[in-house]
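Take a look at the structure set out below.
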Amino acid sequence: MSDPGPPNPGRRQLLTGAGLLVVAAAGLWVASKFTWVRLRSFDGLGEPRTLLVSGADWSAALVPLAVALIAAAIATLAIRGWALRILAVLVAVIGAGAAYLGVSLWAVRDVGPRAAEVKNVAVSTLVGADRLSGGATTAVLAAVVAVLAAITLLRAGRGVTASKYQTPAARRSEAANPADKKQSERVMWDSLDDGQDPTAGPARR
């Protein structure tokens, strides 16, 4: 029974990138469920009300971005080369967009009017608004993971391309390692094409 060949670094990076994309997508989905703003309103007629504004309410793009990352994770299993690099760039753009959505919670000086708008509450009835940073922080962390996934996919794209165009001489050099018990079939055919005996050991100096 022949020994298994060395693991393909490009494939390992692809799997790592796909895993990071799934983690980032899960982070964005969780962020969309968190409460980002807590509103307190009183119209003078009934009891004071407390309204919770979720991440999906604050930014409807969180869930679509999470779905896009899942689609990108699936696509990494089917594409290679330049298509993989283009996908990595798109993932980086998605990560930047997710980071912007998270930072927007802190960028707005007064979250009350914006939260009241998404909840269809009159601004004149607002008593107070509390900014809760858990969901936004989760979105930013998910964005960082998405960017890391994009970097990993870019490296995987370069690795796959390099191994695809490896020269016969380079393959013979790798197979000459004493730790390898058997040469690959490809290397044996390269040696035969050059008129060499693939079963002969390296020449002594």
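What follows is calculated from the coordinates using simple rules that are stated; it is not laboratory data. For clarity, every value in this text was computed on a predicted model and none was experimentally measured. Ideal geometry is used to build each Cβ from the backbone, glycine not excepted, and the neighbour counts take in all protein chains shown.
Side notes on the structure shown:
- Modelled spin labels at residue 67 and residue 79, positioned 7 Å past Cα toward Cβ, are 1.9 nm from each other.
- Computed FRET value (nearest 0.05) for residue 43 with residue 96, which takes r as the C-beta separation and R₀ as 41 Å: 0.55
- Segment 6-110: chymotrypsin sites (Phe, Trp or Tyr not before Pro) falling in loop per DSSP and having at most 16 other Cβ within 10 Å: 42
- Taking a quarter of the surface of the Cα convex hull of segment 9-160 gives a mean projected area of 8.6 nm².
- Only the Cβ atoms of Lys and Arg (+1) and of Asp and Glu (-1) were treated as charged; on that basis the dipole of segment 9-160 about its Cα centre amounts to roughly 720 debye.
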